Each structure stands twice: as structure tokens, then as C-alpha cells.
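Trainee: Below: one structure in C-alpha cells.
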Amino acid sequence: QVQLVESGGGLVQPGGSLRLSCAASGFNVGFNLMGWYRQAPGKERELVATITAGGRTKYADSVKGRFTISRDNAKNTVNLQMNSLKPEDTAVYYCHRENSIWWGQGTQVTVSS
């Protein structure tokens, strides 16, 4: 049974940091292209970052230099370190196994003073 469970969201002030984690089961994240997406109210879901099986990473221009995607093969998790957060980063963040139907349930990130 494939499952993706996100955690780590919350309320943070502008300039702050959060670390999101996506725990996977039913498959090995180390052998898959994995992605983090986000969806703000009234907007379409957008790609934030991806990491290939080989460890190559890609980022949306809006988060380059502030967010870092990584993978912990021992824990079978994919993480998203978010620094220098801005109010426009407020969204529900989702973990996704690329090229599949599998998504997590999402975790809310709110950046506000």
C-alpha cells in the first residue's frame, strides 16, 4: 500500500524557517523522482522542488536559494527545508511521487506576522 504523509507545517513569521517531511511507505523514495508542490487559496497547484533518484534537484524560481529538498533513504523520507519564508509562501504543501497517482494529504504552511 503506497502512502505519503507530510508533517512539519505550521505558522511562522516572515523570515522564519520550517522543515517539512514526507514519510513514504509501500515504495522506496531512493529509487523514485519525488516532488514537493504547493497550492495557495484560489490558485493552482504549483511545483516547488524535485529530487531525482540520483539526487539531482530542481527548484521553482520563486524558492531558489531559500528552499532545499533532500532525501533520507534510511528513513524513507523526502524533506523540504524552507528558510527566509515570505507571506507569499503561504499554502498547503504536498508531497508527490512523480509519474504516479500518489499524493500526500498536505500540510498547511502559513507565513504571517
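Trainee: How much length would be gained if the chain were fully extended between residue 76 and residue 100, taking 0.36 nm per residue of separation minus their Cα-Cα distance, in nm to one decimal?
Mentor: On the way: separation 24, 0.36 × 24 = 8.64 nm, distance 1.73 nm.
6.9 nm is the gain from fully extending residue 76 to residue 100.
Trainee: Once you keep just the Cα pairs under 8 angstrom separated by 6 or more residues, what percentage relative contact order results for the chain? Walk me through the numbers on the way to the answer.
Mentor: Working: 277 pairs, mean separation 42.2, N = 113.
After rounding, I find 37 percent.
Trainee: Roughly to the nearest percent, how much of the accessible area of the chain is carbon and sulfur, given a 1.4 Å probe? Don't skip to the end; give the middle numbers.
Mentor: Working: 2880 of 6010 Å².
About 48 percent, which is the carbon plus sulfur part of the accessible surface.
Trainee: Then there's this: Find the accessible area per residue for segment 25-72; the probe is 1.4 Å, ligands and nucleic acids are left out, and the unit is Å². Kindly include the intermediate steps, with their values, before the conclusion.
Mentor: On the way: 2710 Å² over 48 residues.
On a per-residue basis, segment 25-72 sits at 56 Å².
Trainee: For Cα pairs less than 8 Å apart in space and 6+ apart in sequence, what is the mean separation divided by the residue count of segment 7-68, i.e. the relative contact order in percent? Write down the numbers at each step before the final one.
Mentor: Values: 58 pairs, mean separation 12.4, N = 62.
This gives 20 percent for segment 7-68.
Trainee: Note down the accessible area of residue 47, probe 1.4 Å, to the nearest 10 Å².
Mentor: Counting only protein heavy atoms, the figure is 80 Å².
Trainee: Between beta-carbons, use under 12 Å as the cut-off and find the net charge around residue 57, counting Lys and Arg +1, Asp and Glu -1.
Mentor: Numbers: positive: 56, 58, 64, 71; negative: none.
Cβ neighbours under 12 Å give a net charge of +4.
The values are calculated or read from the model by the stated rules, or taken from the named source; none is laboratory data. Only a predicted model underlies this, so the values are computations on that prediction, with no experimental measurement involved. We place every Cβ from the backbone using ideal geometry, glycine too, and count neighbours over all the protein chains shown. The area values use the complete protein model at the heavy-atom level, side chains included, leaving out ligands, DNA and RNA. Shrake-Rupley method; radii C 1.70, N 1.55, O 1.52, S 1.80 Å.
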